[in-house]
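*Asks:* This structure is in structure tokens; I'll ask about it shortly.
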Amino acid sequence: MDPSDGGPDEVPPPPPPLPPDVVPIKAKEDVAEELPPNKPAKPKRLSMARPGLGKRGNTIQLLANHYKVSLKGSEEFFYHYHVNLKYEDDKPVVEKGIGRKVQDKLVQTYRSELANKDFAYDGEKSLFTIGALPQVNSLFSIIQLLVGCRSSGGNSGNSPEGSDTKRVRRPYQSKIIKVELSFAAKIPMAAIAQAIRGEESENSLEAIRVLDIILRQHSAKQGCLLVRQSFFHNNPKSSIDLGGGLLGCQGFHSSFRGAQSGLSLNIDVSTTMLVKPGPVIDFLLANQMVRRPDEINWPKVKRTLKSLRIKTTHTNLEFKIIGLTEKNCNEQTFPLRRRNGDNGDTDTVEITVYDYFVQNRGIELRYSGNLPCINAGRPKRPTYFPVELCTLVPLQRYTKALSTLQRSSLVEKSRQKPHQRMSTLDDALIRSDYDSDPMLKACGITIARNLTQIEGRILQAPKLKAGNDEEFVPQKGRWNLARKKLIQTCSVTRWAVVNFSARCDARGLVRDLTRNAIAMGIEIRTLMVM
């Protein structure tokens with residue numbers, strides 16, 4: 001019987017005896033010869049049993065940032081399917097973020113054909129269900145979906161909105177995306193119970209991975225920013241202003257962990273850097289610490305804004321920035337197709353981006369005329385917008401290096417005392433509302449509301465040995481070396497001080513250094529400071 005079917009392993013029969021004229025061949029001890037030359041074989045790692053529990057020190061009760069997980073027994077299986085997304089011409093879908101939109105459309109369109117099953121989708125290539133999908137190798141091998149994709153170009157050439165007037169009224173176009181699902185593996189849900197009992201196996205690790213994917217999908221449906229297994233809500237109260245147009249966003253890390261006491265949900269505070277949402281020009285002024293738009297370093301802006309997403313105030317649509325124009329808004333032109341008379345004929349004229357928005361759209365531009373335009377189209381079909389009509393959308397990561405002042409500000413403002421962190425984690429668990437997730441419900445998983453209490457031990461602080469056979473212990477977590485001599489000393493006969501600061505008291509520094517060295521038993525020759 002296959003162990004994956006939930007039954008016990010069947011003991012194989014003993015091998016038949018060898019004939020007397022057959023000489024057995026000695027088996028190879030490893031497969032290192034099959035590896036490429038000059039590449040050593042990886043050592044096999046075996047789990048080591050813990051020899052026992054510590055007994056030294058005074059016991060103390062502690063609270064850990066783990067929440068106990070309980071499970072109702074289930075004989076079901078997680079079914080793992082490989083997901084392949086392609087366009088109608090069989091070209092692969094490479095755009096990031098479109099996978100979840102396709103999956104939502106798939107469930108919406110084929111809910112009944114998919115036996116009303118819920119999915120756990122990692123957003124890339126893996127999809128999991130509880131129980132098998134019906135007819136996955138035939139009916140659902142290729143599913144055609146109409147997914148709304150924003151058009152970034154029209155039939156009339158370049159324009160400030162990527163198309164002619166007719167296309168502006170239809171900012172979305174439909175593309176057929178084919179979804180190929182192929183069976184990959186099945187994982188017994190009973191392996192979760194193994195993890196709860198503290199037993200670790202390959203199946204239990206895979207099952208816990210599926211549970212983590214369910215957590216990610218649950219947070220994605222709540223509109224969170226996902227950074228690996230950390231989730232960030234669009235909550236201004238959890239943001240820290242770091243200056244320079246940047247925010248430190250406090251979120252939380254959440255994942256299932258197999259522990260000695262069983263399975264638990266580990267939650268901890270996590271922080272990432274975000275671009276401050278709002279008008280693009282406000283972000284640029286703060287980021288470069290200047291007061292007026294004409295003081296902005298635009299070559300630097302091109303690197304800063306690339307790949308960020310904006311929303312235009314006149315259309316309320318989102319776009320991705322690909323660059324800036326070389327010319328200013330009142331100089332950058334594009335071919336505009338317009339009607340010529342009542343007979344339906346059209347002609348094309350060159351018009352500046354500034355004149356298009358002011359004259360054709362009736363939008364007042366206060367300062368964008370002398371600034372570059374934002375290009376949010378495609379490399380061969382640009383889409384131009386004046387800067388003052390663009391705002392940065394929330395929850396966009398800032399991945400560049402922080403300044404020293406910003407780093408210190410982040411550390412200082414994100415520091416929390418234990419009771420504050422406990423409150424933050426409890427609030428995160430309540431806000432996440434994992435109990436409402438249909439797949440966790442189907443798994444029979446229940447998460448405790450209280451932090452896990454564990455037993456700790458306070459060990460005796462180690463002693464230090466000083467000169468003259470003197471021993472001393474730390475006070476309040478630190479050793480005080482005042483009036484202590486070193487066990488092994490030395491002599492310093494030649495040394496020098498180089499002073500690069502006019503405000504530094506070099507004579508006082510040398511005097512104090514010499515006095516402290518002598519007090520600790522170091523023989524040091526007095527230095528003349530010139």
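The values are calculated or read from the model by the stated rules, or taken from the named source; none is laboratory data. The structure displayed is predicted, hence computed values, not measured ones. FYI the Cβ positions are ideal-geometry reconstructions off the backbone, even for glycines, and counts take in every protein chain you see. Remember, those area values only see protein heavy atoms, side chains included, never the ligands or the DNA or RNA. Shrake-Rupley method; radii C 1.70, N 1.55, O 1.52, S 1.80 Å.
*Asks:* Checking the table LYS178/LYS306; LYS175/LYS320; LYS86/LYS221; LYS96/LYS400 against a 22 Å threshold on Cα-Cα, which pairs fail?
*Replies:* Numbers: LYS178/LYS306 30 Å; LYS175/LYS320 19 Å; LYS86/LYS221 24 Å; LYS96/LYS400 20 Å.
As for pairs spanning more than 22 Å Cα to Cα, those are LYS178/LYS306; LYS86/LYS221.
*Asks:* Could you please state how large a percent of the accessible area of region 336-395 is carbon and sulfur, counting protein chains only and using a 1.4 Å probe?
*Replies:* Taking all protein chains in place, region 336-395 shows 38 percent carbon and sulfur surface.
*Asks:* Using +1 at the Cβ of each Lys and Arg and -1 at the Cβ of each Asp and Glu in region 273-327, identify which of HIS314, THR325, ILE281 lies farthest towards the dipole's positive end.
*Replies:* THR325
*Asks:* Can you list residues from other chains, or at least 5 along the same chain, whose modelled amide H is less than 5 Å from the amide H of ASP122?
*Replies:* So ASP122 has HN proximity to no qualifying residue.
*Asks:* Residues of region 417-498: accessible area per residue at 1.4 Å, in Å²? Before the final figure, lay out the partial values.
*Replies:* Numbers: 6240 Å² over 82 residues.
Per-residue accessible area for region 417-498 comes out at 76 Å².
*Asks:* Which ³J(HN,Hα) values, rounded to whole Hz and listed in residue order, are derived for region 401-416 from phi using the Karplus coefficients 6.51, -1.76 and 1.60 in 6.51 cos²θ - 1.76 cosθ + 1.60 with θ = phi - 60°, glycine and proline given as x?
*Replies:* 5, 8, 6, 4, 5, 5, 5, 5, 5, 5, 5, 5, 7, 8, 5, 10
*Asks:* Another question, then. With every protein chain in place, what's the accessible area of GLU455 (1.4 Å probe, Å², nearest 10)?
*Replies:* Its accessible surface works out to 130 Å², give or take rounding.
*Asks:* In region 182-334, how does Rg compare with the Kirkwood Rh, expressed as the Rg/Rh ratio over alpha carbon atoms? Could the numbers behind the result be given before it?
*Replies:* Details: Rg = 22.5 Å, Rh = 19.3 Å.
Reported Rg/Rh, Kirkwood definition of Rh: 1.16.
*Asks:* Net charge within 11 Å of LYS276 by Cβ-Cβ distance, Lys/Arg positive one each and Asp/Glu negative one each, not counting LYS276 itself? Please list the in-between numbers first.
*Replies:* On the way: positive: none; negative: ASP241, ASP282.
Taking every Cβ under 11 Å from that of LYS276, the sum is -2.
*Asks:* With an 8 Å cut-off on Cα pairs and a minimum separation of 6 or more residues, tell me the relative contact order of region 208-336 in percent.
*Replies:* On the way: 158 pairs, mean separation 18.3, N = 129.
Rounded, it is 14 percent for region 208-336.
*Asks:* For ASP241, list long-range residues whose amide hydrogen, built 1.01 Å from N in the peptide plane, is under 5 Å from its own amide hydrogen.
*Replies:* Distant-sequence amide H within range of ASP241: GLY248.
*Asks:* In addition: Which order do peptides 484-495, 324-335, 345-356, 120-131 fall in by mean Cβ count within 10 Å, highest first? If you can, show how the numbers build up before the last one.
*Replies:* Working: 484-495: 10.8, 324-335: 17.4, 345-356: 15.2, 120-131: 19.3.
Peptide ranking by packing, descending: 120-131, 324-335, 345-356, 484-495.
*Asks:* Taking the square root of 5 times each eigenvalue of the Cα gyration tensor, what semi-axes in Å does the equivalent ellipsoid of region 315-458 have, largest first? Intermediate values should be presented prior to the final figure.
*Replies:* Values: eigenvalues 572, 113, 32 Å².
Each semi-axis is the square root of five times an eigenvalue, giving 53, 24, 13 Å.
*Asks:* Please turn the phi angles of region 82-93 into ³J(HN,Hα) values with the Karplus equation 6.51 cos²θ - 1.76 cosθ + 1.60 (θ = phi - 60°), one per residue in order, whole Hz, x for glycine and proline.
*Replies:* Values, residue by residue: 8, 9, 10, 9, 9, 7, 4, 8, 6, 7, x, 7 Hz.
*Asks:* For region 383-530, compute Rg over Rh where Rg is the Cα radius of gyration and Rh is the Kirkwood radius from the inverse mean 1/r over Cα pairs. Before the final figure, lay out each step's value.
*Replies:* On the way: Rg = 29.0 Å, Rh = 23.8 Å.
My calculation puts Rg/Rh at 1.22.
*Asks:* Give me the net charge of LEU513's neighbourhood, meaning all other residues with Cβ under 15 Å from the Cβ of LEU513; Lys, Arg count +1, Asp, Glu -1. Let's see the in-between values first.
*Replies:* On the way: positive: ARG494, ARG507, ARG511, ARG515, ARG525; negative: ASP505, ASP512, GLU523.
Combined, the nearby Lys, Arg, Asp and Glu give +2.
*Asks:* Dipole of region 359-437, Cα-centred, from +1 at each Lys and Arg C-beta and -1 at each Asp and Glu C-beta, to the nearest 20 debye? Display every interim value, and only then the final one.
*Replies:* On the way: 13 positive and 8 negative charges, 118 e Å.
For this selection, approximately 560 debye.
*Asks:* Additional query: Pop out the ³J(HN,Hα) list for region 513-520 in order, Karplus 6.51 cos²θ - 1.76 cosθ + 1.60 with θ = phi - 60°, rounded to Hz; leave Gly and Pro as x.
*Replies:* Result, ordered by residue: 5, 5, 5, 5, 5, 5, 5, 8 Hz.
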